[in-house]
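Below is one structure, written out as structure tokens; the observations come after it.
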Amino acid sequence: AEQRGLQQLRFLRCGLCASAWQADRLLCPFCGTRDHRQLAYLHAEGDEQRRAATCDACHGYIKVLATLAPLTPAALLVEDLATLHLDMIALERGYGGAG
């Protein structure tokens, strides 16, 4: 996902075709929960621009990048690879819904 611009609007991105669609920041894209007590973020120390948004209701997660504008398809792929450490952190903590 991308949190774009100064307003930090969330856009989900398809890893295959790079399509984007706007999504609520307080919504799990897997189970639909809106319970803020179930939603959290994981990040590597010192890197607040790249996070994993987690859901304790379904144990899903997505990677979220702070951007000013939409990433190109190539940049999206590069960022996905550059954030493999977030996948490892999420998996180690029992989350498993990344795409």
When restricted to LEU91, LEU16, the only residue modelled with pLDDT of 95 or more and not in a strand (DSSP E or B) is LEU91
Of all residues in region 38-54 being open to solvent by 60 Å² or more (accessible area, probe 1.4 Å) and in a strand (DSSP E or B), the one that is farthest from GLU79 (Cα to Cα) | TYR41
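State the number of residues belonging to region 19-37 that are of a type in the set (A, V, I, L, M) and in a loop (DSSP other than H, G, I, E, B).
Total meeting the criteria: 2.
Going through region 74-86 one residue at a time, which ones are closer than 22 Å to TRP21 by Cβ and either in a helix (DSSP H, G or I) or without any contact (Cβ under 8 Å) to a residue 12 or more places away in the chain (or both)?
ALA74, ALA75, LEU76, LEU77, VAL78, GLU79, ASP80, LEU86
Let's see how each residue does on (1) touching a strand residue (DSSP E or B) at 6+ places or on another chain (Cβ under 8 Å); (2) open to solvent by 30 Å² or more (accessible area, probe 1.4 Å); (3) not aromatic (Phe, Trp, Tyr):
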site: ASP56; (1), (2), (3): yes, yes, yes
site: TYR61; (1), (2), (3): yes, no, no
site: ALA66; (1), (2), (3): yes, yes, yes
site: VAL78; (1), (2), (3): no, yes, yes
site: THR83; (1), (2), (3): yes, no, yes
site: LEU86; (1), (2), (3): yes, no, yes
site: GLY94; (1), (2), (3): no, yes, yes
Does region 59-73 contain at least one residue that is in contact (Cβ under 8 Å) with a residue 12 or more places away in the chain and in contact with a Pro (Cβ under 9 Å, 6 or more places away or on another chain)?
-> yes
Condition broken by GLN22, with the remaining ones in (1) open to solvent by 80 Å² or more (accessible area, probe 1.4 Å); (2) touching a His at 6+ places or on another chain (Cβ under 9 Å) satisfied | (2)
Residues being at pLDDT 95 or above and among the small types (Gly, Ala, Ser): count how many of those fall in region 20-51.
-> 4
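The values are calculated or read from the model by the stated rules, or taken from the named source; none is laboratory data. Only a predicted model underlies this, so the values are computations on that prediction, with no experimental measurement involved. Here the Cβ is made from the backbone with ideal geometry for all residues, glycine too, and neighbour counts use every protein chain on show. Note: areas computed on protein heavy atoms with side chains; ligands, DNA, RNA excluded. Shrake-Rupley method; radii C 1.70, N 1.55, O 1.52, S 1.80 Å.
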